[in-house]
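The values are calculated or read from the model by the stated rules, or taken from the named source; none is laboratory data. What you are looking at is a predicted structure, and each value in this text was computed from that prediction instead of being measured. Quick reminder, even Gly has a Cβ in these numbers, built from the backbone with ideal geometry, and neighbours come from all protein chains shown.
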Amino acid sequence: MLTAVIEAAEAVSISSDMFDHAADLSPDKDYRLMQASIEAFSLYIDKDIRKLPAFSLSITGKLERDGKKFGIGSSGSVVVLTLRALAAYYQVHLLPEQLFKLAAYTLLKSGDNGSMGDIACIAYESLVAYTSFDRCKVGQWLTEMTLKELMAAHWGYTIETIKPALPCWFLVGWTQVPSISREMIQMVNKNISCPFLEQSQKVTQEVMTALQLGQSERLKAGIEKASQLLQGLASVIYHPKLMQLVQACQGLDAAAKSSGSGGGDCGIALVFEAKDIEPILARWQQAGIVLLYQEEWG
């Protein structure tokens, strides 16, 4: 888990335990996201950060192990944490929607064209049902609108917080294998068809409804269907270790699927009987899959 600490200082200083050096506001490729977040916040409050009380900002908690990044939205986490810390320090109230938009703006300006689903979860600090905005359209707006106009515009995304109505356990497993490359992601994107999108939308609605109504069998069926859709989209999505992560739920009251771009990195599992957690974790361990996170819902 990442943690940000901000305090008064004689000069602006930013640091992270990911790197062996600190930085100021001079361009530094290691700290580009933190610096981009500071620049975006400065633009948002319409004040030069250099003319405001200086601060020391430190982010700790590596989202990597042995030089391998966990595929759990580390870039989004850094941006949201930096913006939150600055807002607290300068006593600027940011609603979740404002925080989401400002973080998305920062990432888009930095060349990240992801769905921004990770920052939706982080900004709202909740399980959410998220529908992305048109990144091409909003990306064009970046060149045409001021930040104030952009923040006021309707982007076309939806974020709905969900409170699960059934007791279950949410597990995140890490395969220790990198996700597929940008080139392979582009190849997968070419396979996305209207029928795939329609089926995915239907499954997503099924999963949302099952969570809200507390229907475990319906929820398991939805997760399994989502997993099958991804497998059918492109074979590269399910690395053999991701298949092992999913198959670890067989014969148990649980279901799992790939998470993120696939090809490696992480998968998620929902477990509906506490007694089934231990067997799943044992199977994961045997396959070299690391438990990154566990949370009880409901």
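Applying the selection to segment 24-41, what residues are small (Gly, Ala, Ser) and not in a helix (DSSP H, G or I)?
Selection gives Ser26 alone.
Which one is nearest to Ala85 (Cα to Cα), of the residues in segment 95-114 that are surrounded by fewer than 18 Cβ atoms within 10 Å (Cβ to Cβ) and in contact with a Lys or Arg (Cβ under 8 Å, 6 or more places away or on another chain)?
The residue in question is Ser110.
May I ask you to list the residues in segment 249-264 that are outside any strand (DSSP E or B), surrounded by 22 or more Cβ atoms within 10 Å (Cβ to Cβ) and touching a strand residue (DSSP E or B) at 6+ places or on another chain (Cβ under 7 Å)?
Cys249
Go over the candidates Gln286, Gln228 one by one and state the one that is without any contact (Cβ under 8 Å) to a residue 40 or more places away in the chain, farther than 19 Å from Leu166 by Cα and surrounded by fewer than 13 Cβ atoms within 10 Å (Cβ to Cβ).
The conditions single out Gln286.
Scan segment 130-158 residue by residue and report those that are at pLDDT 95 or above and either of a type in the set (Lys, Arg) or farther than 17 Å from Leu108 by Cβ (or both).
Answer for segment 130-158, where residues must be at pLDDT 95 or above and either of a type in the set (Lys, Arg) or farther than 17 Å from Leu108 by Cβ (or both): Lys137, Lys148, Thr158.
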